[in-house]
Amino acid sequence: MSNETFDIKTTYLRFLEEDEDLTMPIAAIESLVTMLRTKQPSTSSELIKLVKSNIDTLKSSISNAISLSAGCDLFMRFVLRNTNLYSDWESCKKNLVENGELFVQRAKDSRNKLAEFGIPFIKDDDTILVHSFSRVVYQLLLKARKEKLIRFRVKVTESRPSGKGYHMAKLLRDADIPVEVIVDNAVGYVIHNVDKILVGAEGVAESGGIINHIGSYQIGCLAKTNNKPFYVVTESHKFVRLFPLAPNDLPTEMSQLLEQSNEQPEDQDLLKTQLIDFTPHEYITALITDLGVLTPSAVSEELIKVWYD
């Protein structure tokens, strides 16, 4: 094995810095492929041990553990399935790197693919409620406006404590899409004027529920009460092997998933900040993914295909 030094965390952070549109799981997979190209393990057991140790290092050093873990676990499964396909080790190493790069490229293309599946859900004169900032939701709305010339309006939640709704609103305004920001507490007030809700996801659980920015669960509850469709737009590489039983049933290390807001109240010690929640599958109308439009129950089937076929 090459003695060349390689820092998986530095590589991962560099990929994210160089490409702002890169998602965490793709950056993780790309870092692991780079690691394989750099380290050059000499046996399959050494390869598996090397991949596992770098995944453990990445998971323990990065707090954004949900979608990152999904990408790492997916790559580990990819390695385990491919190491036994070749008779000689050199061919195996070469093909692992090449197939890994192809895997990364396909994952990057998934955003455009799911936007195609999502276009039919957006109609002329729609008023769409969006929660927080999501790259895939933005890509879908941009494609609907620029390529299909669909006319619609967007209401974006402020999304405290991160305030990422303002970033989403700015991007939509720059794309000439009519948009306004509402405070999180006003969702119940405006929802009767909304045609549908679009949210992204940090992770999709086995049950078909989603882990996302805090506030997603209450919007899901309001959507169901008011008979409004609640659509989740997400890439399939964010499907994770978790089975939360309640909105607050998440591993404690996930509590720091989203970055803290710069705006801090004076009595900060009195404020308990929660950054993510879990929205159960019964509040979700459908998931718009690069695999197609799925019902929440189909997520477990897709995970079975990946892990047990």
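The values are calculated or read from the model by the stated rules, or taken from the named source; none is laboratory data. Just so it is clear, the model here is predicted, and its values are computed rather than measured. Ligands, DNA and RNA are stripped out before the accessible areas are found, and what is left, the full protein with its side chains, is counted by its heavy atoms. Shrake-Rupley method; radii C 1.70, N 1.55, O 1.52, S 1.80 Å.
Taking all protein chains together and a 1.4 Å probe, the residues ARG37, ARG106 rank ARG106, ARG37 from largest to smallest accessible area. Ordering CYS72, CYS221 by accessible surface, largest first, gives CYS221, CYS72; the 1.4 Å probe counts only protein heavy atoms, with every chain in place. Amide H contacts of VAL156 (H built 1.01 Å from N, in plane; Pro and chain starts excluded): VAL130, GLU180, VAL181, ILE182 sit under 5 Å, all sequence-distant by 5 or more or on other chains. Of all DSSP bridge pairs formed entirely within the chain, close to 30 percent run antiparallel. Phi-derived couplings, Karplus 6.51 cos²θ - 1.76 cosθ + 1.60 at θ = phi - 60°, listed residue by residue for the stretch 43-56: 9, 5, 5, 5, 4, 5, 5, 5, 4, 4, 5, 5, 5, 4 Hz, with x used for Gly and Pro.
Expressed as a whole percent, the accessible area of the chain that falls on carbon and sulfur atoms is 48 (1.4 Å probe). Short-range pairs are left out: with C-alpha atoms under 8 Å and at least six residues apart, the relative contact order of the chain is 18 percent. Note that the stretch 13-23 has calculated 3J(HN,Hα) couplings of 5, 5, 4, 5, 5, 6, 9, 5, 8, 6, 7 Hz, one per residue in order, obtained from phi through the Karplus relation 6.51 cos²θ - 1.76 cosθ + 1.60 (θ = phi - 60°); glycine and proline are x. In the chain, helical runs assigned H by DSSP with n ≥ 4 each contribute -39500 (n - 2.57); averaged across all residues and rounded to the nearest 500, the mean residue ellipticity at 222 nm is -14500 deg cm²/dmol.
Computed from the Cα positions only, the extents of the stretch 93-190 along the three principal axes stand at 57, 33, 23 Å, in decreasing order.
Computed as a quarter of the hull surface, the mean projected area of the alpha carbon convex hull for the chain stands at 17.0 nm². Principal-axis analysis of the Cα atoms of the chain puts helix 216-225 at an angle of about 50° to the longest axis.
For the set MET168, MET24, solvent exposure ranked by accessible area (probe 1.4 Å, protein chains only) runs largest to smallest as MET24, MET168. Rolled with a 1.4 Å probe across the full set of protein chains, the surface gives SER300 an accessible area near 40 Å². Taking amide hydrogens as placed 1.01 Å from N in the peptide plane, the amide H of THR127 sits under 5 Å from those of ARG153, ASP195, LYS196, each at least 5 positions away in sequence or on another chain. Computed from phi, the 3J(HN,Hα) profile of the stretch 74-81 under the Karplus parametrisation 6.51, -1.76, 1.60 (θ = phi - 60°) reads 5, 5, 4, 5, 4, 5, 4, 6 Hz, with x in place of Gly and Pro. Residues in the chain average 49 Å² of solvent-accessible surface per residue, probe 1.4 Å, ligands and nucleic acids excluded.
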